[in-house]
1. For the chain, with a Gaussian network of springs between Cα atoms less than 10 Å apart, report the residue from S218, S187, S73 with the top mean-square fluctuation.
2. Using only DSSP helix segments of four residues or longer, with each worth -39500 (n - 2.57), what per-residue ellipticity at 222 nm results for the chain after dividing by its residue count and rounding to 500?
3. So if I take the centroid of the Cα atoms in region 24-39 and the same for region 40-65, what is the distance between those two points in Å?
4. What is the sum of charges, Lys and Arg at +1 and Asp and Glu at -1, for the other residues whose Cβ falls under 14 Å from the Cβ of Y64?
5. Tell me the label-point distance for the pair A178, Q158, using the 7 Å Cα-to-Cβ offset, in nm and rounded to one decimal.
6. Given the Cα-Cα distance of Y190 and S110 and 0.36 nm per residue of separation, how much length would full extension add, in nm?
7. Let me check against my output: what whole-number percent is the relative contact order of the chain, with C-alpha pairs under 8 Å and at least 6 apart?
8. Springs between alpha-carbon pairs under 10 angstrom, Gaussian network model over the chain: which of A106, A227, A128 fluctuates most?
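The values are calculated or read from the model by the stated rules, or taken from the named source; none is laboratory data. Every value quoted in this text rests on a predicted model; they were computed, and no experiment measured them. Every residue, glycine as well, gets a Cβ built from its backbone with ideal geometry; the counts of neighbours run over all protein chains shown. All accessible areas refer to the heavy atoms of the entire protein, side chains included, with ligands and DNA or RNA removed. Shrake-Rupley method; radii C 1.70, N 1.55, O 1.52, S 1.80 Å.
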Amino acid sequence: MEDADSKELSLWAPKLVDELRKLPSMRDVATDQQNGGLEAELVIDRDTASRLGILPQAIDDALYDAFGQRQVSTIFTQLNQYHVVLEVDPQFSQNPDSLKSIYVHANSGSQVPLASFSHFQTSNTALAVNHQGQFPVVTLSFNLAPGVSLGEATQAIQRAEQDIHLPPSIHTSFQGTAAAFQNSLSSEPYLILAAIVTVYIVLGVLYESYIHPLTILSTLPSAGVGAILALLLTGNDLGVVALIGIILLIGIVKKNAIMMIDFALEAERVEHKPPEEAIFQACLLRFRPIMMTTMAALLGGLPLALGSGTGSELRHPLGITIVGGLLVSQLLTLYTTPVVYLWFDRLAQRFSHLNIGNPIEEPSGASAD
């Protein structure tokens, strides 16, 4: 929490801490704010001081002479020089009641006791004020309850800020692991989109077509659904490592469609087979290599998903997403890819035979001499 006004920050930080402690997803909520210090404030009755002929500057001078260590003179010797500092005896600076013994010069030249026009007021103050940049900040720390993800915790914190109606002048931001989590999620959709666009461009150049790359990319949703279902069934969160596994699936899963589409296009161009017969033959002849490559990748991901030991909790989401995505995509793409291939092929034929406008007919007539 960051605010230009430290008093406002001291007022709202405890309210947010109390609200977070009520959340079932939070444990060990703490803050580095320390407002338990005692402060003694000297309150001046300005009306009484004015009647007594005492100016505010005279009060400041008297207090600084007593407790400010004012340099009043310098003693010079042959070798050194010594500064003469004016202050009260240290025993009189241990208790605020010692201020009753201080006198202030009035305009009339008389000495007026400080206690005759002032009194003490005790309150709490901060023992330390932390800063980030140029503004005071308060850091709140928390632990997650068992079975709660970091994404759920960040959403709960944002809802708590709205529930207590946090002033707009107070700026809140996440630090540490929560900040790294938010930064990774903010850039991850763009990374996935960039990967899909790159694959589309490469496949479009390879097949010299705008449509067939879409047929190959149609296998990706099934892999993503399988990865998310596997994470839900195993009770894992969709974290950064799981997202890395989904990106890896983009490269692994699309090879199934590439094997079939490449063979079907070759059969259409070289053997002049119709699309239905070409894709049917591709499914039959490419089934074994598709199964071999899929099983090789799937079995390679099993040690990541089932392994134990130091650091295994970091590798589990990666293996689970790979295995789950490959299983579902293998079951679906063998049936959906031929359908999508034929649908796009018919769509291309429809656009190629589409005539825009009506042909102009020349009127025919007979001439007689």
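1. Of the options given, S73 has the highest mean-square fluctuation.
2. Helices in the chain give a 222 nm mean residue ellipticity of -18500 deg cm²/dmol.
3. Cα centroid of region 24-39 versus Cα centroid of region 40-65: 37 Å apart.
4. Neighbour charge sum, excluding Y64 itself: -3.
5. My value for the distance between the label points is 1.2 nm.
6. Values: separation 80, 0.36 × 80 = 28.80 nm, distance 7.86 nm.
The Y190-S110 span can extend by a further 20.9 nm.
7. 17 percent
8. Sorting by GNM fluctuation, first place goes to A106.
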